[in-house]
Amino acid sequence: MKAGWILLAAALAAALAAGCAAPNTSGITVGAEADESGALQQVLQTDNAKLARQLKVEDMIVGQTKNGLMKASVKLTSRLNKSVVAQSKFAWFDAEGGEIDPDTDAWRPLVLNGKETRTIQGVAPNSSAVSFKLRVRAGEKTRWIVK
């Protein structure tokens, strides 16, 4: 009986440690959400303070394509004199706040060299999108080894 409690405690500790080690899926989230009157309001959420200090949101433009799909452009600037390595991904939401096709847009590499400004653009997957979020998370630097 005592061994069972020890195994249970060990399993619980391992599960908690694994949960704490899980990587963040987003460092900065920029977007537009509709308020009660239907007007789009800018959203800025920070989950990674270090990344938030490295990047600055310069501008955000929301419009529509000729086919009536929502499109968004977000201008990001590096605040550092060195490269910022990150990944970005658009998420699109319907009128009820549900994410549209959450697994269709992959994380894309985003590298901003010192003080560089880059515009990231996206188009909604269908016409039911009424709001969006651009998620940015820290990326990993890769080193090329040539032999």
Tally of residues being closer than 14 Å to Gly122 by Cα and of a type in the set (Val, Ile, Thr) across the stretch 33-73:
3
Working only within the stretch 33-59, note down all residues that are part of a strand (DSSP E or B) and at pLDDT below 85.
Glu33, Ala34, Leu40, Gln41, Gln42, Val43, Leu44, Gln45, Thr46
Across the stretch 114-139, the tally of residues that are buried (at least 20 other Cβ atoms within 10 Å of the Cβ), under 12 Å from Glu99 (Cα atoms) and in contact with a Ser or Thr (Cβ under 9 Å, 6 or more places away or on another chain) stands at 2
Selection within the stretch 95-113 - in a loop (DSSP other than H, G, I, E, B), surrounded by fewer than 16 Cβ atoms within 10 Å (Cβ to Cβ) and in contact with a strand residue (DSSP E or B) (Cβ under 6 Å, 6 or more places away or on another chain)
Trp107
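Which residues, taken from the stretch 122-147, are of a type in the set (S, T, N, Q) and modelled with pLDDT of 75 or more? Steps first, answer last, please.
At the first step, the residues of the stretch 122-147 found to be of a type in the set (S, T, N, Q) are 126-128, 131, 142.
Those that are of a type in the set (S, T, N, Q) and modelled with pLDDT of 75 or more: Asn126, Ser127, Ser128, Ser131.
The values are calculated or read from the model by the stated rules, or taken from the named source; none is laboratory data. These numbers come from a predicted model, not from an experiment. So basically every Cβ, Gly included, is an ideal-geometry build from the backbone, and we count neighbours across all protein chains shown.
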